[in-house]
Amino acid sequence: MPNPKTKTIEFYIRTSMTGSECRDEIEVDADLSGDELDELIREAAFNFMEWGYVEKSRASITPEVIRTIIERVERGSGPDRDLDWHIHYDFFGGREIDRDKRPPKYTASIDAAVALTEKLLPDREWNIWRDDENEDLGATVANDNWDELTDHFRAKCESAPRSILSAALHALLATMEDE
């Protein structure tokens, strides 16, 4: 038997994205005012959402920060979303909390690792190579003259994205230490 002092309210959340409608019910006091009901529904609806913020201040990248990232890149294997967050936070300032705007999968995607390399070192060239003898994958980031062996940074990690990241970060570190 329903409680005469409460009522059940069905609420929904809908956005312009396909498949984005969510519905639920809450039990509320029957004598709530419209404003009180609105507030309760907003609270209940808010609990369905993942939300966040982005701090827009620029992070200060030091050689020590880069060395720490290099160590994690070279020590690990395969995708590492925590490391992706740290790379994004350290280089672009502010940790993105908004789960709909996650940082690229730098440690899992060759495309993401290359995009980061091109953003951090726009004047450098890069390549990915494979050692046919033992089928290792690696990467090289170099100055614009491949014939000279100066400023070439080669890396071989457990995956191609990590190799690209390592070579790029070593090149960036060398650039910072030369300044």
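Structure values in brief
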item	result
Additional length obtainable on full extension of the chain from Glu118 to Ala174, 0.36 nm per residue less Cα span	18.6 nm
Residues Asp82 and Thr62, FRET efficiency given R0 of 22 Å [Cβ-Cβ distance, rounded to 0.05]	0.60
Distance between modelled label sites at Asn127 and Val28, nm, 7 Å Cα→Cβ extension	6.7 nm
Residue-span extension gain [Ile9 to Lys105] - 0.36 nm each, minus C-alpha spacing	30.5 nm
Charge sum, other residues only, whose C-beta stays under 14 Å from Ile69's C-beta, Lys/Arg counted +1 and Asp/Glu -1	-3
Ordering of 159-165, 124-130, 70-76 by packing [mean C-beta count within 10 Å, highest first]	159-165, 70-76, 124-130
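All of the numbers you see were taken from the coordinates with simple rules; none came from a lab. Predicted model, so just to flag it, every value in this text is computed and none were measured. Positions of Cβ are backbone-derived with ideal geometry, glycine not excepted, and every protein chain shown enters the neighbour counts.
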